[in-house]
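See structure below.
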Amino acid sequence: MTQVEITAPLPVMDELGKPTHFGWAKVPYLQYNSTLIRVSRRRVNESDRYIIFSPTHLVMLELLDSGYLGYSGISVMSLKDKKRSTQIFNIPFPLGSFEMPQSSETGSVRIQVKKAHVDFIMMKGGFRIIKTDIPTFGHHLRLRGEVVLSVPKGAESLITHMPWRGDKNAFRYARRSPWFTVEGVMQVGSSEVVFTKGKAWGILDWNRGVRPRGDIRYWAAACGICGDRLAGLSVGYDSADSSQGTENAFFLDGKLHKLDQVTFHISPANWLEPWHFTSNDNRLEMRFIPHQEWEEYNQMLFYTLKSRQVCGFFSGKVRLDDGSTFVFQNLTGFAERRKTRF
């Protein structure tokens, strides 16, 4: 399949609000402007999500404005004893009131519900700060903390812009960056989750667009150190038209190596059995050992969002752009299936 690489600044939509310039890029050349969208605001989907992890814990933080449904959510998972605590604040009918940034490189967002808040803050030089303070988290504990995400020198991201077949207004403009280094502390009750540079990593999942009436999306991502190399991956697919640029890439020391189609081989009976991943270009062979599984369900009027997620460890081999093979072992990450319907 011939994929279209975008190498210069272009708009995501034309002046009439029609999605245009589909493909993929290594840097955020595509420019998103929500004021150009001509469909109802209830169909606009904007989300920022970070997955950060230390040797002992995986933490997922997400801010979502999906028209009818908005929420601020955080989950803290132990990679040792399989314990998990989650707090989600559903916010009805945000309809753009979150003022999500138009760019993945600038702008900050803060969601506050009563005395609880989550902040995603952009700084100069690409640094990102996550602050959170939730007085009643999980089992009536207080969660608060601050972490800083740093960008490796010269790092590239996977930028994709895809249309949906049969819906000329629907599109998803997304960025995946599985290579942040993380420093900071999150305190859960009397316990601390410590993120130390060189031992803690982060992944950015950033999405903007107009959603279709229904979708099923699979996505998996991981990052970490293999030997003395920083490795990361982002693979996925849904019902969008990926013919001009798939959501699949491997990253080594921040540099992107583009993959074509990747297939998820999952046991339908038990998601905690090992998963396998293969690519049609024979560049990726990967095994995923799940550690724990959880499900979430959110609904507002006719809009539903169902998530089934697992975290665990990825191992395998990938053929890089120069033809060499890189073998990786036990990269921490997660995989998910998300179903949306309106």
- prompt: So how do 246-254, 159-167 stack up, highest first, on mean other-Cβ count within 10 Å?
  reply: 246-254, 159-167
message: Springs between alpha-carbon pairs under 10 angstrom, Gaussian network model over the chain: which of Asn207, Asn270, Asn45 fluctuates most?
response: Asn270
task: Could you tell me which of the pairs Lys258/Lys317; Lys124/Lys199; Lys153/Lys317; Lys18/Lys168 are separated by over 18 angstrom between their Cα atoms in the structure shown?
output: Lys124/Lys199; Lys153/Lys317
task: Restricting things to alpha carbons, tell me how big the stretch 10-341 is in terms of Rg and Dmax, in Å.
output: 18.7, 54
- line: For the pair Thr263 and Arg213, the simple spin-label estimate (label points 7 Å beyond Cα toward Cβ) gives in nm 3.0
message: Just to verify a number: FRET efficiency for Phe127 and Ser103, C-beta to C-beta distance, R0 = 22 Å, to 0.05?
response: 0.90
task: Step through the residues of the stretch 7-15 one at a time and calculate ³J(HN,Hα) from phi using the Karplus curve (6.51 cos²θ - 1.76 cosθ + 1.60, θ = phi - 60°), rounding each to whole Hz and writing x for Gly and Pro.
output: 10, 8, x, 8, x, 6, 10, 7, 5
- line: Distance in nm between Glu295 and Ala8 label points, each 7 Å along Cα→Cβ, equals 5.0
- request: Rounded to whole Hz and in sequence order, give me ³J(HN,Hα) for the stretch 168-180 from the Karplus expression 6.51 cos²θ - 1.76 cosθ + 1.60, θ = phi - 60°, writing x for Gly and Pro.
  value: 5, 8, 7, 7, 9, 9, 9, 10, 10, 9, x, 7, 5
- prompt: With springs only between Cα atoms under 10 Å, which of Ser234, Ser279, Ser267 fluctuates most in a Gaussian network model of the chain?
  reply: Ser267
message: Can you give me the distance in nm between label points at Leu36 and Gln329, each placed 7 Å from the Cα along the Cα-to-Cβ direction?
response: 4.8
query: If the cut-off is 13 Å between C-alpha atoms, which aspartates and glutamates fall inside it for Lys131, apart from same-chain ones fewer than 8 positions away?
result: Glu62, Asp119, Glu146, Glu183
- prompt: Given springs between every Cα pair under 10 Å in a Gaussian network model of the chain, which of Ile51, Ile74, Ile266 has the largest fluctuation?
  reply: Ile266
field: the stretch 10-341 - percent relative contact order, Cα under 8 Å, separation 6 or more
entry: 14
task: Return the long-range amide H neighbours of Ser108 (sequence gap of 5 or more, or a different chain), with a cut-off of under 5 Å between placed amide H atoms.
output: Met122
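Every number in this text was worked out from the coordinates using simple rules, so none of it is lab data. In this text the structure is predicted, and so the values were computed from the model without any measurement. A quick note on method: Cβ atoms are made from the backbone with ideal geometry, for glycine too, and the neighbour counts reach across all protein chains shown.
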